[in-house]
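For reference, the structure is listed below as structure tokens.
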Amino acid sequence: MGVVGMQHAKQLLCSNSHMAWTMNTFPLSRILFVLIGLSPFLVPLVFVMPISSPFTLYYMLVSASFILLSMSFTGWLSALLKILLSLSCLASILSLVISGGFLATGAMHSILLTNPDEVTGYFQLIDWRILLPTMMLTLGGLYCFWHTHIPLTNLTKAMASLFLLVLLCALPVFKWMFDAEEKRLIQQDKMHLIYLYQDVPAYNLYRVASLTFYERFKSHIQYGNELPKHVQIDIADTENLPQNIVIVIGESSRRDAYSMYGNPIDASPQLMLRHTSQPNTFSVIDGVFAPAPNTRESVPRSFSFVSTDERLYQGLTYTNIINLARTMGYQTSWITTQALYTRWDSFTAKVATSAERVFHKSEHGQPWHDRDAANKVSDVLKHNQQPQFIVLHLSGEHADYAIRNGETVPSHHRQAIVQQIPNNALLSQAELSYFSSVHLTDTILDGLIREVFADEQDSLFVYFSDHGEVIGKGHGLQPIQIEDELAIPYFAIGRLAKNMTRAIDCYRDNKHHLFNNAHFPEVLLTTLGMKVEPPEQVKHFTYYSIKGETRSLPDDFSFNFHYQKERQCEQ
Ligand SMILES: [Zn+2]
């Protein structure tokens with residue numbers, strides 16, 4: 001009732017504006033119109049920027065100038081400006097309510113390449129009790145914005161436009177003069193000027209869209225042949241390689257949902273059993289963090305030589321680990337249940353298509369489930385003449401957790417979790433579904449491991465997730481919930497598993513001893529016996545944020561290891 005009442009009041013108030021600010025309306029109501037019209041553009045800033053920062057004031061001023069100026073025009077120019085500004089504002093606020101922050105390049109890329117299943121999965125996570133009133137208030141504000149006209153003389157309009165222009169130029173000038181790193185980046189690439197600005201509802205949609213299209217434009221070339229400076233390896237040198245290498249990428253699977261990391265709910269009993277019964281060949285590795293909280297940024301970083309200090313397209317001159325595996329004599333395959341080829345080119349598809357064979361659907365239109373994709377791995381292993389390098393990307397724990405590849409997760413997985421919950425423990429429906437999904441993944445992985453090692457004892461099997469998940473909320477949230485979104489399960493099986501543990505120890509950062517899985521290619525090469533020097537950036541942990549920026553961990557961040565063992569590099 002309160003929201004509806006407010007909406008009604010706003011409409012009454014704004015309907016006066018059909019008089020379009022004729023000079024004889026009361027000054028007070030004029031001020032009210034302007035303030036309500038400004039509100040959807042200014043109020044959201046308070047939720048994403050620190051109030052005490054001078055930059056927040058700057059962006060408030062930029063936004064207010066934009067809006068007030070657009071209110072001063074008439075005719076088609078006014079209509080055009082108001083439509084553009086309103087669309088951007090709606091996109092910003094929708095994103096703010098759903099993901100906790102304005103529309104970001106990471107989200108925009110994901111939206112453009114996503115498949116319908118993922119979109120409907122996200123609907124499960126929306127809190128409609130917040131979304132609906134917020135959107136009604138926003139529409140009320142935009143209605144006032146649309147119907148408000150500020151009569152200004154042409155001279156005043158010109159002066160106001162000039163003021164806005166100077167205001168917009170002040171930021172790059174300031175950065176150029178006082179920030180050497182930003183200056184270097186601008187000199188390197190003029191487009192960096194657009195990266196400098198923070199998003200505000202007035203232009204969020206257009207800034208993010210132009211950066212997204214720019215990044216897409218820059219990503220057209222395929223991976224090159226170069227090796228980065230720190231990877232001076234001689235492939236011809238390699239001997240004693242495992243017969244087959246199988247790497248499984250989980251999806252949205254958080255570290256602490258696996259009992260190997262101490263969760264009292266045993267959602268992964270088969271893996272736990274393998275881990276405890278084969279300690280010499282089954283290594284669980286702790287403190288592994290995904291390079292980014294979203295698939296698009298994370299998967300390609302784990303299979304190519306681009307660190308979290310760079311954008312994906314900056315690593316395209318280098319080769320990737322799939323190409324290197326082929327050079328080592330492996331036949332390479334990428335098997336996935338994720339939408340690989342969508343209307344939008346993705347870097348995951350770019351890495352995937354580096355493989356000689358790509359399987360992304362069933363052969364005769366049959367269902368294509370994670371289970372079927374795992375069977376495909378066994379199939380490929382059985383019918384081959386040469387060593388196999390296979391990557392399997394599961395759909396895993398992506399929302400909706402109760403559905404896997406269009407199929408309801410079988411009830412016995414749910415039962416397995418339900419019977420473990422003590423009577424007084426509280427587990428939400430989302431958590432229950434999530435753990436049940438991990439239980440299904442556990443079954444699929446267990447079956448696959450059996451097949452891999454039945455086919456060839458001398459294999460290397462590696463499992464990690466592309467990123468974590470905030471159960472019931474998703475991933476790629478703003479602000480990021482670091483441990484939930486980045487900490488991932490990681491284990492290796494085979495005679496080289498211990499080598500992989502040691503290799504990873506040499507890639508942990510100095511402060512938190514975390515391993516950034518962006519260095520998976522280097523770690524795999526080291527595990528296989530090649531001499532790779534960890535690059536400088538390993539020392540300081542960074543991740544690639546959903547906003548398309550390199551970020552460090554906050555000063556007060558700390559991580560609780562489940563396995564307190566030696567974490568020193570032995571090289
Ligand atoms: Zn993902």
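Every number in this text was worked out from the coordinates using simple rules, so none of it is lab data. Nothing here was measured: the structure is a model prediction, and the numbers come from that model. Ideal geometry is used to build each Cβ from the backbone, glycine not excepted, and the neighbour counts take in all protein chains shown.
Which residues, taken from the range 501-519, are in a helix (DSSP H, G or I), surrounded by fewer than 24 Cβ atoms within 10 Å (Cβ to Cβ) and either of a type outside the set (Ser, Thr, Tyr) or out of contact with any strand residue (DSSP E or B) (no Cβ under 6 Å at 6 or more places or on another chain) (or both)? If you could, list the steps in order and put the result at the bottom.
Initially, the range 501-519 is screened for residues in a helix (DSSP H, G or I), giving 501-505, 517-519.
From what is left, the residues that are surrounded by fewer than 24 Cβ atoms within 10 Å (Cβ to Cβ) are 501-502, 505.
Passing the criteria: Arg502, Asp505.
Checked against the criterion of being in contact with a strand residue (DSSP E or B) (Cβ under 6 Å, 6 or more places away or on another chain) and more than 16 Å from the ligand (Cβ to nearest atom), the candidates Pro228, Pro201, Pro172 yield just one match: Pro228. Taking residues in the range 291-307 that are within 13 Å of Phe515 (Cα to Cα) and in a helix (DSSP H, G or I), and partners anywhere that are more than 9 Å from the ligand (Cβ to nearest atom) and of a type outside the set (D, E, K, R), the pairs with Cβ atoms closer than 6 Å and at least 6 places apart or on different chains are Ser302/Asn517; Ser302/Phe520.
If a residue must be of a type in the set (Asp, Glu), part of a helix (DSSP H, G or I) and surrounded by 13 or more Cβ atoms within 10 Å (Cβ to Cβ), how many such residues does the range 154-209 contain? So that I can check it myself, show each step before the final result.
Here is the first cut: in the range 154-209, the ones of a type in the set (Asp, Glu) are 179, 181-182, 189, 199.
Those left that are additionally part of a helix (DSSP H, G or I): 181-182.
Narrowing the set further to residues that are surrounded by 13 or more Cβ atoms within 10 Å (Cβ to Cβ) leaves 182.
Here the count works out to 1.
Among the conditions (1) away from the ligand (no atom under 16 Å from the Cβ); (2) buried (at least 24 other Cβ atoms within 10 Å of the Cβ); (3) under 16 Å from the mean Cα position of the chain (by Cα), the only one that Asp286 does not satisfy is (3). In summary, Glu485 fulfils each of the numbered conditions (1) within 16 Å of the ligand (Cβ to nearest atom); (2) touching a helix residue (DSSP H, G or I) at 6+ places or on another chain (Cβ under 9 Å); (3) not hydroxyl-bearing (Ser, Thr, Tyr); (4) not in a loop (DSSP other than H, G, I, E, B) with the single exception of condition (2). Would you check which residues across the range 322-348 are crowded, with 22+ Cβ neighbours inside 10 Å, under 27 Å from Val438 (Cβ atoms) and among the hydrophobic types (A, V, I, L, M, F, W, C) and list them? Within the range 322-348, Trp334, Ile335, Phe347 meet the criteria. Selection of the range 436-474 for residues being within 20 Å of Leu525 (Cα to Cα) and within 15 Å of the ligand (Cβ to nearest atom) yields Tyr463, Phe464, Ser465, Asp466.
Can you find a residue that is farther than 27 Å from Leu112 by Cα, more than 16 Å from the ligand (Cβ to nearest atom), over 28 Å from the mean Cα position of the chain (by Cα) and part of a helix (DSSP H, G or I) anywhere in the range 388-396?
Restricting attention to the range 388-396, the residues satisfying the condition of being farther than 27 Å from Leu112 by Cα are 388-390.
Then drop every residue that is not more than 16 Å from the ligand (Cβ to nearest atom), which leaves 388-390.
Next cut, over 28 Å from the mean Cα position of the chain (by Cα) only: 388.
Filter again for part of a helix (DSSP H, G or I), leaving none.
No - not one qualifying residue is present in the range 388-396.
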